[in-house]
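Working notes, structure below.
The values are calculated or read from the model by the stated rules, or taken from the named source; none is laboratory data. Bear in mind that the values here come from a model prediction, so they are computed numbers and not experimental data. Glycine also receives a Cβ, built like all others from the backbone with ideal geometry; neighbour counts cover every protein chain displayed. With ligands, DNA and RNA removed, areas are computed over all heavy atoms of the protein, side chains included. Shrake-Rupley method; radii C 1.70, N 1.55, O 1.52, S 1.80 Å.
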Amino acid sequence: MFRYAQINDESVVMSISSLSGEVIADHLILINDLDVELDIIYNRDAGEFTPPEPTSIESTPTVEEMQAQTLLNTEYTGLLTVMNEQ
């Protein structure tokens, strides 16, 4: 068996396949003895797989922040209504 990582145009591993024969294709990287996971990046120049850069995750607003935003939105809507009536 031959194990391959299939990469997309951005060199991100999209799938891992076990094939019965050897395949030569730009989007298939032979990984027989490597521990490769989905979504990691293949560096063609170095011939290595690296994890993607961590993405920042926005923190969830607190209840107080959501209440304040709701109040602001309500006041803004009220002002728009008054302005449209004039």
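Just the number, please: carbon plus sulfur as a percent of the accessible area of the chain, 1.4 Å probe, no ligands or DNA/RNA counted. The partial results should precede the final answer.
Details: 3840 of 7210 Å².
Carbon and sulfur atoms account for 53 percent of the accessible area of the chain.
Counting only alpha carbon atoms, the long axis of helix 63-85 and the longest principal axis of the chain meet at about 50°.
Of Tyr76, Tyr4, Tyr42, which has the most accessible area with a 1.4 Å probe, and how do the rest follow in descending order?
Final ranking, largest accessible area leading: Tyr76, Tyr42, Tyr4.
Protein heavy-atom accessible surface, 1.4 Å probe, per residue over the chain: 84 Å².
How large is the charge dipole for the chain, taken about the Cα centre, if only the Cβ atoms of Lys, Arg (+1) and Asp, Glu (-1) carry charge, to the nearest 20 debye? Don't skip to the answer; put the middle values down first.
Values: 2 positive and 16 negative charges, 43 e Å.
Here the chain has a charge dipole of around 200 debye.
The candidates Ile29, Ile24, arranged from most to least accessible area with a 1.4 Å probe in the full protein assembly, appear as Ile24, Ile29. The string of couplings for segment 12-23 from the Karplus curve (6.51, -1.76, 1.60, θ = phi - 60°) is 8, 5, 9, 7, 10, 10, 10, 10, 7, x, 6, 10 Hz, one whole number per residue in order, with x for Gly and Pro.
Across Arg44, Arg3, the residue with the most accessible area heads the list, and the full order at a 1.4 Å probe is Arg44, Arg3.
From its DSSP helices (H runs of at least four residues, each -39,500 (n - 2.57)), the chain gives a residue-normalised ellipticity at 222 nm of -9500 deg cm²/dmol.
Rounded to two decimals, what is the ratio between the C-alpha radius of gyration of the chain and 2.2 N^0.38 Å? The partial results should precede the final answer.
Numbers: Rg = 25.5 Å, N = 86, 2.2 N^0.38 = 12.0 Å.
My calculation over the Cα atoms of the chain gives 2.14.
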